[in-house]
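Just so it is clear, none of the values below were taken in a lab; they were calculated from the coordinates. Here the structure is a predicted model, which means the values were calculated and not measured. Neighbour counts run over all protein chains shown; Cβ positions are idealised from the backbone, glycine included.
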Amino acid sequence: MTVRLRPHHLLCMLTYVGKGYSPAFVENYEAIAARLSAGEEIELVAGPDDICGPLTADPEAHCHGTSVVERDREAARTVARLIGSPLNLGARITPSPALLARLRKTFATGEIRTACSGCEWSGLCDSVADGGYVGVRVGI
């Protein structure tokens, strides 16, 4: 199987520590984190993805907003520059320990965080990255 992720979730997965919008959201993300930790392939998609699942019924959910589309575009651009390969929709990525370590290192320095500007979870992500990624669920 493949985990369908929108590009900005490549950044979110780096600091996911079991917190989220609702219990259903967290339960879903825990299952996805386990799949990613097992090395399941990621396919980049446009719009709501597997992580967004529990939120998609709400037409007001941010996953439908234009600001999130811009966040996706910026995340794809910065991560592609880091890995030296284009990240177009449909691209497939394997979340290896080496890739996660590289992404986390540059996330902590801010290099690939321009897509995070204005995100309500930035404070939590700052804390997780500053704390050495203790308790992250993906790639443990």
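Structure notes:
- Flag if Pro54 is in contact (Cβ under 8 Å) with a residue 12 or more places away in the chain and within 14 Å of Cys119 (Cβ to Cβ): no
- Taking the conditions (1) within 21 Å of Tyr29 (Cα to Cα); (2) within 15 Å of the chain's Cα centre (by Cα) in turn, Ala61 satisfies each one other than (2).
- Scanning the stretch 20-38 for residues that are aliphatic (A, V, I, L, M) and assigned to a helix (DSSP H, G or I) yields Ala24, Val26, Ala31, Ile32, Ala33, Ala34, Leu36.
- Whichever residue in the stretch 1-33 is hydroxyl-bearing (Ser, Thr, Tyr) and in contact with a helix residue (DSSP H, G or I) (Cβ under 7 Å, 6 or more places away or on another chain) and, among such residues, is farthest from Ala61 (Cα to Cα): Thr15
- The set of residues from the stretch 58-87 being out of contact with any strand residue (DSSP E or B) (no Cβ under 7 Å at 6 or more places or on another chain), assigned to a loop (DSSP other than H, G, I, E, B) and of a type outside the set (Ser, Thr, Tyr) comprises Asp58, Pro59, Glu60, Ala61, Gly65, Gly84, Pro86.
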